[in-house]
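Engineer: Got a structure for you, written out below as structure tokens; questions coming shortly.
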There are 2 protein chains.
Amino acid sequence: MSRRTESADPAPGGKLRIPRRKLEDFCGCIFAALGIPPVEAEDSAKILVAADARGIPSHGVAHLSRYIRGIEAGLIKGGISPTVLRETPISRVLDAGGAMGMSLSRAAMDWVIDAARKHGVGLCSIRNSNHFGIAGYYTEMAARADMIGMAFSNTAALGVPTNARNAFFGTNPIAFAAPAENGALFSLDMATTTVTRGRIEIAEREGRKIPPGWAVGVDGKVTTDPASLLEDMLYLRGGGLLPLGGEGTALGGYKGYGLAVMVDILCALTSGGIFGAAVRDSETTSARVCHFFLALKLDLFRDPAEFKRDLSALLNALSALPAAAGANRVYYAGLKSRETEAECERLGVPVAPEVWADLEANARRLGVTV
Amino acid sequence: MSRRTESADPAPGGKLRIPRRKLEDFCGCIFAALGIPPVEAEDSAKILVAADARGIPSHGVAHLSRYIRGIEAGLIKGGISPTVLRETPISRVLDAGGAMGMSLSRAAMDWVIDAARKHGVGLCSIRNSNHFGIAGYYTEMAARADMIGMAFSNTAALGVPTNARNAFFGTNPIAFAAPAENGALFSLDMATTTVTRGRIEIAEREGRKIPPGWAVGVDGKVTTDPASLLEDMLYLRGGGLLPLGGEGTALGGYKGYGLAVMVDILCALTSGGIFGAAVRDSETTSARVCHFFLALKLDLFRDPAEFKRDLSALLNALSALPAAAGANRVYYAGLKSRETEAECERLGVPVAPEVWADLEANARRLGVTV
């Protein structure tokens, strides 16, 4: 492994730069060494590395250890064929049976895209799955196929409803992508909570308070202390993340809360999976999360070339807007990720040294010698 | 008209209470006196009054004068048959030709529901329409037909993208509804800006400052002064409403911004309508807004009775959650509206005296004597 480390350029924040294909191969070999079949190992590695390459390290290879533990504990399973619970030419409902969430989701989105290619619309609802990485990976598959793509997932309950004091929904992401000209995309991929737990953990490590609007404590009122919050969340004493829009109703917190429940309904209520406070993961139980995918073929609506021309006009107008005082520039959803990804293709994908050391230790333990 | 006024019970805030059917008839007769055909007049009256009955007076009969002016100016047209631009068994794209937005949208959702009944999915994208009232009216039509319903609309550009200083998107609502047991619904209907312009106007009338997180001034930085903000917005000097999540990125403002653009893409990019900063209404130009409707039949996924049983369990669990310190109770999206609507069925629909006086003046002028 040392050769790879030596070849890496330094990245901001002391991170190493690993060539994208090499990092994918490395992660793929670790999954393969755990007995995951080749296609699933490759999918999972690609989707994890895509998160790092797009500037979303919270969903990237830093989580490989968690997947390794899940696989070794038998909670995340390779080689599973999902059970088809209900099917029409445009729709499928699957029980994933604890499969690898990322490879399963890639295959599900392939099915959805194929259905939409034939019939204009395709959708798939899935229960009993595992973490699927970045939701935007799947929506962008649809966008690359001249479709509007949407993806949703419920996740472990860490978010507290407006006016409540206990967690009842996850960070429940919403992803939406649509294609413009020359490969440009509008690609939104957002948690419906203000922030994810990872941001609280970073604040705690750095000894900083968290801003009002991120979380509430056991009494359901705003807290700024990340350490007590994380402990209260861990032991299920109450408190948790606030929905997008923050505490109460003054800044629209009930909207983020509503969107989070909408995601739970789309994913878990349609598939018959677990929802609300029942969704919990830990070192020994898998999340058994649920997903929902949708694709709409552009030519249902218009000539795709006209759609893409107009979307380019929209996106170009947004990024050309004059910036607010003190701000550098105006982005649209997906632009920053696209720029980061292009940089990573040139320079390699940034990986924190401690994450890299952890990957190397796992590789040694599993006898991986790529 | 005096008989009606005398029979009204007083409501909180000095409002009159008008029996729902009478208020519907009254508004319907005003539309009819303006030459709007009967079905369109009735639809429009019902949908406006539904907003007041559900506790959303910002979208109710207080706007009747605006519709009257639009109809009299020839900008909102009765008796229009929309042009079908593209059609499949599950989808339609319409040019509304400046039709009454509410009746058009009711008819479009009927078509969508019928398509979904036959094929599992139905959707309709519409350009060149007018304000359609409350988005939740249409999603609840789908929910009552054992479907998941979604509705979106772009609106006049009043919202400022993250890091920008000029308005580029509307309050662009997202509505989503799904049925539970015994007529209960989860029904989310939300602007993707933190608040709508109406809330700024109320603060200005009451001489109050607005909280940080609602709006930015001409420099793109937070403002708390509603008077200068409203003037700057009116004369297009810059500034405007903040997306859900507020200023910058600290509390997730880019998420609300992303959702608003998603709505613009779904509505205007799919239909070939106007989008972004081009969407503007005034006393003399109609908004020419675009809408998008989607319905998914529950039995695509599961036995609808099982879905509704699980959704009731979810909603009951939410409303049974212990409240935060200082809060009364936990609501889910649609619960408060349902309770308000039941109260209005018993007591009548609250109408502000000045709104009522305005309606009466219009009725007299148009010779309406219901």
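The values are calculated or read from the model by the stated rules, or taken from the named source; none is laboratory data. Owing to the predicted nature of the structure, the values given are computational and were not obtained by experimental measurement. Heads up, the Cβs are rebuilt from the backbone with ideal geometry, glycines too, and the neighbour counts pull from every protein chain shown.
Engineer: Tell me which helices (runs of 4 or more DSSP H) are completely within segment B:25-143 and hold 3 or more residues being touching a strand residue (DSSP E or B) at 6+ places or on another chain (Cβ under 8 Å), crowded, with 19+ Cβ neighbours inside 10 Å and within 14 Å of chain A (Cβ to nearest Cβ), or say none if there are none.
Structural biologist: Passing ranges, in order: B:101-119.
Engineer: Can you tell me which residue in segment A:236-255 is nearest to A:Pro226 (Cα to Cα), limited to those that are touching a Leu at 6+ places or on another chain (Cβ under 7 Å) and at the interface with chain B (Cβ under 7 Å from one of its Cβ atoms)?
Structural biologist: Ranking the candidates gives A:Gly246 first.
Engineer: Could you run through segment A:191-234 and say how many residues are facing another protein chain (nearest Cβ under 9 Å) and touching a residue at least 60 places away in the same chain (Cβ under 8 Å)?
Structural biologist: Going through segment A:191-234 one residue at a time, the tally reaches 4.
Engineer: Return the total of residues in segment B:323-346 being touching a residue at least 60 places away in the same chain (Cβ under 8 Å) and either away from every other protein chain (no Cβ under 14 Å) or more than 20 Å from A:Gly256 (Cβ to Cβ) (or both).
Structural biologist: Of the residues in that region, 5 qualify.
Engineer: Would segment A:295-302 turn up any residue that is modelled with pLDDT under 95 and of a type in the set (A, V, I, L, M, F, W, C)?
Structural biologist: No: segment A:295-302 contains no residue that is modelled with pLDDT under 95 and of a type in the set (A, V, I, L, M, F, W, C).
Engineer: Can you give me the number of residues within segment A:144-157 that are away from every other protein chain (no Cβ under 14 Å) and closer than 21 Å to A:Thr83 by Cβ?
Structural biologist: Going through segment A:144-157 one residue at a time, the tally reaches 1.
Engineer: Now for a separate question. Go through segment B:295-320 and report how many residues are surrounded by fewer than 22 Cβ atoms within 10 Å (Cβ to Cβ) and assigned to a loop (DSSP other than H, G, I, E, B).
Structural biologist: 3
Engineer: Report yes if A:Gly79 is at pLDDT below 95 and over 20 Å from A:Gly136 (Cα atoms), otherwise no.
Structural biologist: The answer is no for A:Gly79.
Engineer: Is it the case, given these coordinates, that B:Pro161 is free of Cβ contacts under 8 Å to residues at least 60 places away in the same chain and either assigned to a loop (DSSP other than H, G, I, E, B) or small (Gly, Ala, Ser) (or both)?
Structural biologist: no
Engineer: Taking segment B:288-301 only, how many residues are in contact with a Lys or Arg (Cβ under 7 Å, 6 or more places away or on another chain) and more than 10 Å from every other protein chain (Cβ to nearest Cβ)?
Structural biologist: Qualifying residue count, segment B:288-301: 1.
Engineer: Count, please, the residues in segment B:231-240 that happen to be under 14 Å from B:Val160 (Cβ atoms) and within 26 Å of the chain's Cα centre (by Cα).
Structural biologist: Qualifying residue count, segment B:231-240: 6.
Engineer: Taking segment A:311-322 on its own, how many of its residues are closer than 14 Å to B:Tyr254 by Cα and facing chain B (nearest Cβ under 7 Å)?
Structural biologist: Residues flagged as closer than 14 Å to B:Tyr254 by Cα and facing chain B (nearest Cβ under 7 Å) within segment A:311-322 amount to 1.
Engineer: Let me ask something additional. Is it true that some residue in segment A:343-352 is more than 23 Å from the chain's Cα centre (by Cα), modelled with pLDDT of 95 or more and aliphatic (A, V, I, L, M)?
Structural biologist: Yes, there is a match, as at least one residue in segment A:343-352 is more than 23 Å from the chain's Cα centre (by Cα), modelled with pLDDT of 95 or more and aliphatic (A, V, I, L, M).
Engineer: Considering A:Leu230, A:Leu185, A:Leu234, which residue is outside the structural domain of A:Met109 (by TED's automatic domain parsing), hydrophobic (A, V, I, L, M, F, W, C) and either within 30 Å of A:Ser319 (Cα to Cα) or touching an Asp or Glu at 6+ places or on another chain (Cβ under 7 Å) (or both)?
Structural biologist: Answer to the check: A:Leu230.
Engineer: Out of B:Leu269, B:Leu242, B:Leu259, report the one residue that is touching a residue at least 24 places away in the same chain (Cβ under 8 Å), crowded, with 24+ Cβ neighbours inside 10 Å and within 30 Å of A:Asp303 (Cβ to Cβ).
Structural biologist: Exactly one of B:Leu269, B:Leu242, B:Leu259 is touching a residue at least 24 places away in the same chain (Cβ under 8 Å), crowded, with 24+ Cβ neighbours inside 10 Å and within 30 Å of A:Asp303 (Cβ to Cβ), namely B:Leu259.
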